[in-house]
Amino acid sequence: MRLEGRNALVTGAAGGIGQALVARLQAEGAKVVAADLDPSASTADVKLAGDLRDPAYCEALPKQAEDALGQLDILVNNAGVMRRGAITEATDEDFALTMAINVEAPFRLCRAAIPLMAESGGGAIVNLSSCWGVHPGPAHPLYVMSKAAVASLTQCLGRDHAHQGIRVNAVCPNEVDTPMLRTGFTLRGLNPDTAIDDLNRTVPIGRIAQPEDIADVIVYLASDEARYICGALLEVNGGKPVG
Ligand SMILES: NC(=O)c1ccc[n+]([C@@H]2O[C@H](COP(=O)([O-])OP(=O)(O)OC[C@H]3O[C@@H](n4cnc5c(N)ncnc54)[C@H](O)[C@@H]3O)[C@@H](O)[C@H]2O)c1
């Protein structure tokens, strides 16, 4: 029960990693506020439905979480979208959507959460970047640049707010078995199960990540075991480098 008495706000809480994360946070004793377009299926203690493209929704979430649970100790900027393809195929809408959800929303949420955490003596923020945010992968320039922005934001805030007892870190996964990955295979006309079997063989540890593999690392970064880690980009890749 490493998070007994702590309260967490998780965006994208109804997604692949989000659902596993809510369960892990609760198993460690935390109370969880789930934010998502439709969080109704989440097991979280409080559910705040909304669209992260709405600045007012983002801005208000940390205070709403604090009001609901008494204090905000942990923020996980987990929601994300992936628009695929070369830049020559990208529309203005692809760009705007990617930046709004992957970059602007974490910016607004961090900006709103940090004063609340500072006021209550500290906290932990964990952002979902990607191994592609650190080592660019092919044919996803919008997604890669958005995750690089999240990585950079994490390093900046990790330094700027450590003196307030606020630790800001990022998890950088390689492939994780979630709807985000599976829809990509479906869009390309592939059977997701077969494609994942093939992908498993490319990972030195023998398989791509399951959402719980990432959720456990997020919980670790949010816990006091990571008390001296600030501004880190933690790659979680089963030994697979970006090819
Ligand atoms: N799956 C992977 O292989 C992988 C690898 C590296 C990093 N990541 C990152 O991990 C995070 C979680 O990804 P996942 O694989 O669980 O994806 P997912 O698609 O399963 O879940 C994403 C969640 O974000 C929510 N969301 C999307 N747009 C939203 C909006 N406008 N407003 C509110 N909520 C919105 C969705 O409803 C969904 O529940 C993302 O930031 C992703 O970029 C995933």
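The values are calculated or read from the model by the stated rules, or taken from the named source; none is laboratory data. Keep in mind that this is a model prediction, so the values were computed, not measured. Glycine also receives a Cβ, built like all others from the backbone with ideal geometry; neighbour counts cover every protein chain displayed. Quick note on the areas: whole protein, heavy atoms, side chains included, nothing else; ligands and nucleic acids left out. Shrake-Rupley method; radii C 1.70, N 1.55, O 1.52, S 1.80 Å.
So the values come out like this:
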item	result
Whichever residue in segment 118-129 is open to solvent by less than 20 Å² (accessible area, probe 1.4 Å) and part of a loop (DSSP other than H, G, I, E, B) and, among such residues, is farthest from the ligand (Cβ to nearest atom)	122
Residue ID - farthest from the ligand (Cβ to nearest atom), chosen from residues in segment 151-166 that are open to solvent by less than 30 Å² (accessible area, probe 1.4 Å) and more than 16 Å from residue 80 (Cα to Cα)	166
Strands (runs of 3 or more DSSP E) contained in segment 13-117 and holding at least 2 residues in contact (Cβ under 8 Å) with a residue 24 or more places away in the chain and more than 22 Å from residue 151 (Cα to Cα)	31-36
Condition check for residue 92: open to solvent by 40 Å² or more (accessible area, probe 1.4 Å), away from the ligand (no atom under 13 Å from the Cβ) and either of a type in the set (D, E, K, R) or more than 18 Å from the chain's Cα centre (by Cα) (or both)	yes
Segment 208-243 - residue that is within 19 Å of residue 24 (Cβ to Cβ) and polar (S, T, N, Q) and, of those, most open to solvent (accessible area, probe 1.4 Å)	210
Wholly enclosed helices (runs of 4 or more DSSP H) of segment 167-243 bearing at least 3 residues at negative phi, within 16 Å of the ligand (Cβ to nearest atom) and without any contact (Cβ under 8 Å) to a residue 12 or more places away in the chain	179-187, 192-200
Flag if residue 225 is under 30 Å from residue 164 (Cβ atoms), touching a strand residue (DSSP E or B) at 6+ places or on another chain (Cβ under 9 Å) and acidic (Asp, Glu)	no
Filter result (surrounded by fewer than 20 Cβ atoms within 10 Å (Cβ to Cβ) and within 11 Å of the ligand (Cβ to nearest atom)) within segment 104-117	104
Segment 1-51, subset within 13 Å of the ligand (Cβ to nearest atom) and open to solvent by 60 Å² or more (accessible area, probe 1.4 Å), residue farthest from residue 113 (Cα to Cα)	41
Which listed residue, of 216, 177, is under 13 Å from the mean Cα position of the chain (by Cα) and closer than 20 Å to residue 18 by Cβ	216
